[in-house]
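Below you'll find the structure, written out as structure tokens, and then a few comments.
The values are calculated or read from the model by the stated rules, or taken from the named source; none is laboratory data. Source: prediction; values computed, not measured. Note that each Cβ is placed from the backbone with ideal geometry, even for glycine, and that neighbours are counted across all protein chains shown.
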Amino acid sequence: MRLSRVTDVTTSPERQREAIEHWAAEAGHTIVGWAEDLDVSGSTDPFERDELGPWLRERTEEFDGLCAAKIDRWARSIVHFSKLLAWCDEHKKLAATADRQLNTAKPSGKLIAYVAAIFAEMELDAISERVSGTRAKLRQTGRWGGGPVPYGYTATYDEQGCAAGLAINPEAA
């Protein structure tokens with residue numbers, strides 16, 4: 001399981017787990033372990049992730065396949081995704097997704113997976129562009145984009161409770 005950002009209202013890890021458990025039960029597979037990489041960008045190489053990485057580098061004999069809820073939970077980079085699929089081929093591991101977009105046991109599985117991975121990478125690019133554009137516009141208009149408040153400042157909010165800017169914290173000043 002992977003999630004870019006965890007918040008107080010996040011239900012994605014539970015939903016991902018349920019989808020994978022349902023897929024495993026339906027396919028007659030036994031889950032031997034979990035890799036929960038939360039607060040990890042989809043642009044991070046799966047082999048470098050804190051939880052999934054050790055399964056791929058050191059624990060290869062403990063399992064026969066990998067399942068993610070969806071392809072973009074593994075990678076939003078076609079390079080990283082290709083590397084993961086090549087690793088699965090080399091180590092004779094099944095690669096599958098609970099949403100059934102990928103199942104390397106089927107001949108068409110890889111083709112469908114690569115097409116879906118390209119769209120996941122395109123979505124990452126679109127997300128990055130939107131975030132960059134939003135932050136640039138906020139800076140241009142003198143507004144704060146959120147995140148950790150720098151020392152010596154306090155966040156200000158508008159009538160709707162949205163972050164509006166920063167003000168000097170008199171106590172810290």
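Screening Ile31 with (1) more than 29 Å from Val131 (Cβ to Cβ); (2) outside any loop (DSSP other than H, G, I, E, B) gives one miss only, at (2). Among residues that are at pLDDT below 90 and either closer than 18 Å to Asp99 by Cα or outside the structural domain of Ala98 (by TED's automatic domain parsing) (or both), Ser41 is not included.
For region 19-47, a tally of residues being surrounded by 13 or more Cβ atoms within 10 Å (Cβ to Cβ) and not hydrophobic (A, V, I, L, M, F, W, C) returns 10. Being of a type in the set (A, V, I, L, M) and within 20 Å of Leu3 (Cα to Cα) is true of Leu84.
Annotation: of all residues in region 77-112 being over 20 Å from the mean Cα position of the chain (by Cα) and among the polar types (S, T, N, Q), the one that is farthest from Gly53 (Cα to Cα) is Ser108.
Take the residues in region 1-12 that are at pLDDT below 90 and buried (at least 17 other Cβ atoms within 10 Å of the Cβ), then tell me which one is nearest to Leu102 (Cα to Cα). The residue in question is Arg2. In this structure, does Glu129 turn out to be without any contact (Cβ under 8 Å) to a residue 24 or more places away in the chain, farther than 24 Å from Ile31 by Cβ and either surrounded by fewer than 11 Cβ atoms within 10 Å (Cβ to Cβ) or assigned by TED's automatic domain parsing to the domain that holds Leu38 (or both)? Criteria met by Glu129.
Just one residue in the set Gly42, Gly28 is under 23 Å from Glu123 (Cα atoms) and either free of Cβ contacts under 8 Å to residues at least 24 places away in the same chain or not aromatic (Phe, Trp, Tyr) (or both); that residue is Gly42.
Without any contact (Cβ under 8 Å) to a residue 60 or more places away in the chain, within 13 Å of Met1 (Cα to Cα) and in contact with a Pro (Cβ under 7 Å, 6 or more places away or on another chain): which single residue out of Glu14, Glu36, Glu21, Glu51 fits that description? Before you say what the answer is, go through the steps one by one.
Working: Glu14 fails: in contact with a Pro (Cβ under 7 Å, 6 or more places away or on another chain); Glu21 fails: in contact with a Pro (Cβ under 7 Å, 6 or more places away or on another chain); Glu51 fails: in contact with a Pro (Cβ under 7 Å, 6 or more places away or on another chain).
Checking each option against the conditions leaves just Glu36.
Considering region 117-133, and only residues there that are at pLDDT 70 or above and of a type in the set (A, V, I, L, M), the residue that is nearest to Gly145 (Cα to Cα) turns out to be Val131. The number of residues in region 67-79 that are out of contact with any Phe, Trp or Tyr (no Cβ under 8 Å at 6 or more places or on another chain) and either crowded, with 16+ Cβ neighbours inside 10 Å or at pLDDT 85 or above (or both) comes to 6.
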